[in-house]
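The values are calculated or read from the model by the stated rules, or taken from the named source; none is laboratory data. Just so it is clear, the model here is predicted, and its values are computed rather than measured. Here the Cβ positions follow ideal geometry from the backbone for every residue, glycine too, while neighbour counts run over all protein chains shown. What goes into the accessible areas is simple: the full protein's heavy atoms, side chains included, and nothing from ligands, DNA or RNA. Shrake-Rupley method; radii C 1.70, N 1.55, O 1.52, S 1.80 Å.
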Amino acid sequence: MANISTNRNAFFQSDASQASAARRALKAKHSSKYGSPVELKSKILALCIDERGSEGLEKPIVFTGESTSVARRIDLNTGNKDYVFRGHTAPVTSVALHPIASGKKLLFTGSWDKTIRVWNIDTQECLSTVAAHSDFVKSLLVLSHLNLLLSGSADASIVVWKIESDGRLVKMHTLKGHARAVENLTFDPSAATTTAESVVVYSASSDASIREWKVGREEAVEAPNAISKIHETSVYKLRFDNEGALWSASADKTARRYDLITKVNDTALEHPDFVKDILMTPNGAWAVTACRDEEIRIFDIGSGSLVKVIEGHYDEVSALAMWENMLVSASLDGTIRQWSMVESDVRAMKNAVWEEEEEEEKPAMGLTAEEEAELAELMGNDDDL
């Protein structure tokens, strides 16, 4: 049974929760040394990279969704984080970009307030808002060549939206099949499944299933060759690797690889806590995971062996993104961090040091001759008592 504190400053907190709070406070004190953090004042729930806007730059421009009901544009080259998109009335859980004419882009944001908002990135103006679902919006996916946006919700549905030229969203289809929240959406980028008329989309759910859908402008239907259930509980994230295999991150403390051709789950990467995100390095050799235990892990895909544990965050690592050879990580600790994925840099990474540095013992001050004489006299006086 957990011991509950009677300290007036920690009423109803168990020993474990107090220890966790103390550990995080210690890590927060020293974390500025790791990953060149950009600090925000809210928990970061979603992350995406502006790939077109980052072309030619040393570091990417990223967009975040945050617990304080805002989305934000951050230039990691300058640290500028002043472009804030305000309007939602609850946490922003998903962000996505869509290129339009003249090299401009739209920003889509989904929120716990059950709405999707569409933004002009340059002016920060909200172009439209739709009451998208009957429960939280949890994921967004843009299919740019089809001018479609997909939204997944805690109401267990997926809605397909047509993106109008003025930024309005028009509902086209509603997909149902999951029994619980739709946590993530992705599409198969292979030429075999992506055409001018449709794409194959995969959805991850807290019902532990992954479902497959054929989505186009004219129709959207579930594919008959559904993926067998490979996780025991909630699936948080889906990603494709360079070979066309589907990777998933789950609350069952594993990340798994599913071969869509053989229909075999051939790799399982074990973790000590929920796996919140997964992606592959550009060379296809490593899988990188984000974990609720505050750490990032790098695995060798071929062998499944652990290559490196990256420390630096002091709360759950909520999202990952890759820009060339740079990994960008976001966390509930309110920071975005940057890590080189060049192999020599990864191998050279040192483990974080979180212990308090011991204060150097100050040398004792010596007594002057007059002070020694006075002390001796006082000691002598004590003997006379």
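Please go through segment 264-292 and give me each residue that is of a type in the set (A, V, I, L, M, F, W, C), over 14 Å from residue 245 (Cα atoms) and either assigned to a strand (DSSP E or B) or at pLDDT below 95 (or both), ordered by number.
269, 275, 288, 290, 291
For residues that are part of a strand (DSSP E or B), of a type in the set (A, V, I, L, M, F, W, C) and crowded, with 21+ Cβ neighbours inside 10 Å, tally how many sit in segment 63-96.
The number of residues fulfilling the criteria is 7.
Taking only segment 28-60 into account, find how many residues are open to solvent by 50 Å² or more (accessible area, probe 1.4 Å) and either assigned to a strand (DSSP E or B) or more than 16 Å from residue 330 (Cβ to Cβ) (or both).
Residues in segment 28-60 being open to solvent by 50 Å² or more (accessible area, probe 1.4 Å) and either assigned to a strand (DSSP E or B) or more than 16 Å from residue 330 (Cβ to Cβ) (or both): 11 in total.
Within segment 200-236, restricting attention to residues that are of a type in the set (D, E, K, R), touching a Ser or Thr at 6+ places or on another chain (Cβ under 7 Å) and part of a strand (DSSP E or B), which residue is least open to solvent (accessible area, probe 1.4 Å)?
Per the criteria, the residue is 211.
Taking the condition of being in contact (Cβ under 8 Å) with a residue 24 or more places away in the chain and surrounded by fewer than 23 Cβ atoms within 10 Å (Cβ to Cβ), how many residues in segment 131-146 meet it?
7
If I go through segment 314-352 residue by residue, how many of them are of a type in the set (Phe, Trp, Tyr) and open to solvent by less than 40 Å² (accessible area, probe 1.4 Å)?
2
Does residue 151 count as at pLDDT 95 or above, among the polar types (S, T, N, Q), part of a strand (DSSP E or B) and under 25 Å from residue 197 (Cβ atoms)?
Yes.
Kindly list the number of the only condition in (1) over 30 Å from residue 348 (Cβ atoms); (2) open to solvent by 20 Å² or more (accessible area, probe 1.4 Å); (3) modelled with pLDDT under 95 that fails for residue 25.
Answer for residue 25: the failing condition is (1).
Rundown of residues vs (1) within 19 Å of residue 236 (Cβ to Cβ); (2) in contact with a Leu (Cβ under 8 Å, 6 or more places away or on another chain); (3) open to solvent by 40 Å² or more (accessible area, probe 1.4 Å), yes/no style:
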{"position": "274", "(1), (2), (3)": "yes, no, yes"}
{"position": "283", "(1), (2), (3)": "no, no, yes"}
{"position": "286", "(1), (2), (3)": "no, no, no"}
{"position": "302", "(1), (2), (3)": "no, no, yes"}
{"position": "311", "(1), (2), (3)": "no, no, yes"}
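Search segment 119-130 for residues being touching an Asp or Glu at 6+ places or on another chain (Cβ under 9 Å) and part of a strand (DSSP E or B), and hand back the single one that is most open to solvent (accessible area, probe 1.4 Å).
By that ranking, first place goes to 127.
Among the numbered conditions (1) modelled with pLDDT of 65 or more; (2) over 17 Å from residue 291 (Cα atoms); (3) among the acidic types (Asp, Glu), tell me where residue 383 comes up short.
Result: residue 383 fails condition (1) only.
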